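A.B. asks: Right, I'll just put the structure down here and ask away after.
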Amino acid sequence: MVLPASSRLDFTADLDICRLLVGMWQVSGAHGRIDPERALAAMLAHLDAGFTTFDLADHYGPAEDFVGELRRRLRAARGDEALAGVQAFTKWVPEPGPMTRAKVEAAIGVSLRRMDVAALDLLQFHWWDYGDRRYLDALRHLTDLRALGKIRHLGLTNFDAEHLEEIVRSGIPVVSNQVQYSLVDRRPEVAMSEVCRTHGIHLLTYGTVAGGLLSERYLGAPEPTRGQLTTASLQKYKRMIDAWGGWALFQELLAALDVIAKKHVSTIANVAVRTILDRPGVGGVILGVRLGESEHIRENARVFDLALDAEDLPRIESVVSRSRDLFAVIGDCGDEYRR
Ligand SMILES: NC(=O)c1ccc[n+]([C@@H]2O[C@H](COP(=O)([O-])OP(=O)(O)OC[C@H]3O[C@@H](n4cnc5c(N)ncnc54)[C@H](OP(=O)(O)O)[C@@H]3O)[C@@H](O)[C@H]2O)c1
């Protein structure tokens, strides 16, 4: 199986990516046990199917080490050229404190070593507290490290529209912001999309299939109990659904998506992903994968064959328009992470 050309995006002038990224939070330990050998085999299977772009973080358990090991195996088996076909986007999520050059450089050094790369393709920066303005110090040092060739591109994660705008205006060359975005959580549409459009910044989205809740598996199903929500993703997005409008309204959304999916000979998850991929400013959708335990390669590849029509969005809107406004309830993108 090879993905069509429409699966690719010129993310920057020198880096093209798959618009469905492989999310690696699932190897962190919060989603069940992961076997390293099976996980590496699954990473290779995704790569060979055309899912060449991985999303990870310094704190996702062994994720950065898995990228390093994948690269060493690829180099040994296929030569250095094969490495150019892998894009690995990591994050730095520092604890609050002084952001000196030495501290920032040391953190980046760890990721470079673990991932066995000379330069990070994309470093996505997270910050816990806007009251502590030392995020600007950290970002200035990261910009310097980019100039030195240790980072190819600089991104953010979970920044709100106001602070994204501030950072860009202060001259930091940000290419992307990673945020939660799904048919349940549409907060990016309030202000974030417009800031991204204005400054040519890509949104990379997570939670787009709500941990798997946006799928046939939950259509017509009774509300899951806490004990039945067996991964951190399922627990996180079930809480979102509760804040958004509850299980009965969510069932109406699943039913509407099912009608659309059947019409296009597709699936609920594919419709949920396609809708967000088509939204302004969205560069890619990150789909979490329990590597070596569960995968949806064939199904998710079909997102690129799916074209929604003029009836589909109004059908979805007729349900989501009756939900609570999560921007009013929670705040802008990422506000749930602020300390
Ligand atoms: N920056 C941040 O703060 C942040 C936060 C959360 C996530 N992320 C990133 O974004 C990635 C994705 O987020 P997420 O894992 O929270 O949410 P997600 O992608 O909505 O959920 C992942 C789960 O969706 C299920 N799934 C995928 N494709 C499916 C399909 N076609 N049909 C049915 N189920 C399907 C899988 O369940 P099964 O495993 O049960 O098959 C998978 O484990 C993470 O891995 C991580 O890289 C970033």
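A.B. asks: Take residue 242 and residue 198, extend 7 Å from each Cα along the Cα→Cβ direction, and tell me the distance between the two endpoints in nm.
C.D. replies: 3.6 nm
A.B. asks: Also, I was wondering about something else. At 0.890 mPa s and 25 °C, plugging the Kirkwood radius over alpha-carbon pairs of the chain into Stokes-Einstein gives what diffusion coefficient in µm²/s?
C.D. replies: Numbers: Rh = 20.5 Å.
After rounding, the answer is 120 µm²/s.
A.B. asks: Additional query: What three numbers, in Å, describe the spread of the alpha carbons of region 137-235 along their principal axes, ordered from the longest?
C.D. replies: For region 137-235, the Cα spread along each principal axis is 52, 28, 19 Å.
A.B. asks: In nm, to one decimal, how far is the modelled label at residue 14 from the one at residue 137, with both set 7 Å along Cα→Cβ?
C.D. replies: The modelled label-to-label distance comes out at 2.9 nm.
A.B. asks: Restricting to bridges with both residues inside the chain, how much of the DSSP beta-bridge set is antiparallel, in percent to the nearest 5? Kindly include the intermediate steps, with their values, before the conclusion.
C.D. replies: Numbers: 5 of 36 bridges.
For the chain, the DSSP antiparallel bridge percentage is about 15.
A.B. asks: Only Cα pairs within less than 10 Å get springs; with that Gaussian network setup on the chain, which residue of 115, 24, 99 has the largest fluctuation?
C.D. replies: 99
A.B. asks: Turning to a different aspect of this structure: Given Cα pairs under 8 Å that are at least 6 residues apart, what percent is the relative contact order of region 95-152? Walk me through the intermediate numbers first.
C.D. replies: Values: 45 pairs, mean separation 29.2, N = 58.
So the answer I get is 50 percent.
A.B. asks: Would you tally the net charge around residue 147, using a Cβ to Cβ cut-off of less than 13 Å, leaving residue 147 out, and scoring K and R as +1, D and E as -1? Intermediate results must be reported in sequence, preceding the final value.
C.D. replies: Values: positive: 101, 140, 146, 150, 152; negative: 105, 144.
Every neighbour counted, the sum reads +3.
A.B. asks: Here's a follow-up. Volume per residue, Å³, of the convex hull around the alpha-carbon atoms of region 52-173? Don't jump to the answer; show the numbers that get you there.
C.D. replies: Working: hull volume 12.3 nm³, N = 122.
Spelled out: Cα convex hull of region 52-173, divided by residues, is 101 Å³.
A.B. asks: Something else about it: Between 291, 255, 234, whose Cα lies farthest towards the positive end of the dipole of the chain when Lys and Arg beta carbons carry +1 and Asp and Glu beta carbons carry -1, centred on the Cα centre?
C.D. replies: Value: 291.
A.B. asks: Rounded to the nearest 10 degrees, what's the angle between the helix 101-115 long axis and the longest principal axis of the chain, both from Cα atoms, 0 to 90?
C.D. replies: So the helix axis and the longest Cα principal axis differ by about 70 degrees.
A.B. asks: A further question follows. Under a cut-off of 15 Å between alpha-carbon atoms, report the aspartates and glutamates in cross-link reach of residue 103, not counting same-chain residues fewer than 8 places apart.
C.D. replies: Residue 103 reaches 58, 95, 137, 144.
A.B. asks: Also, I was wondering about something else. Given Cα positions, please report Rg to Rh for region 198-309, the hydrodynamic radius being the Kirkwood one. Provide the component values of the computation, followed by the final result.
C.D. replies: On the way: Rg = 14.3 Å, Rh = 14.9 Å.
Ratio of gyration radius to Kirkwood radius: 0.96.
A.B. asks: Quick one: which of 91/262; 150/238; 91/238; 150/236; 238/262 span more than 31 angstrom between C-alpha atoms?
C.D. replies: On the way: 91/262 38 Å; 150/238 38 Å; 91/238 25 Å; 150/236 34 Å; 238/262 25 Å.
With Cα atoms farther than 31 Å apart: 91/262; 150/238; 150/236.
A.B. asks: With a 10 Å cut-off between alpha carbons and a GNM built on the chain, which of 159, 54, 304 moves the most?
C.D. replies: 304
A.B. asks: While we're here: In whole Å, what is the distance between the alpha-carbon centres of region 245-309 and region 153-191?
C.D. replies: What the calculation gives is 23 Å, centre to centre.
A.B. asks: Using only Cα atoms, tell me the angle between helix 247-263 and the longest principal axis of the chain; keep it within 0 to 90° and round to the nearest 10.
C.D. replies: That works out to roughly 90 degrees.
A.B. asks: Quick one: length gained pulling residue 102 to residue 279 fully straight, 0.36 nm per residue minus the C-alpha distance? Mind showing how you got there, number by number?
C.D. replies: On the way: separation 177, 0.36 × 177 = 63.72 nm, distance 3.95 nm.
Extending this stretch completely gives an extra 59.8 nm.
A.B. asks: While we're on this one: Treating the angle as unsigned and between 0 and 90°, give the value, to the nearest 10°, between the Cα long axis of helix 268-277 and the longest Cα principal axis of the chain.
C.D. replies: 50 degrees
A.B. asks: Please identify, among 79, 283, 29, the residue showing maximal mean-square fluctuation in a Gaussian network model of the chain using a 10 angstrom Cα cutoff.
C.D. replies: The residue with the greatest mean-square fluctuation here is 79.
A.B. asks: Quick one: compute the contact order of region 76-125, relative version, from alpha carbon pairs under 8 angstrom and 6+ residues apart, as a percent.
C.D. replies: On the way: 26 pairs, mean separation 27.5, N = 50.
Contact order relative to length: 55 percent.
Any read-out appearing in this document is the output of simple, stated calculations on the displayed coordinates, not a laboratory observation. The model shown is predicted, which means the values in this text are computed figures rather than measured ones. Neighbour counts are summed over all protein chains in view; Cβ atoms, including those assigned to glycine, are modelled from backbone coordinates with ideal geometry.
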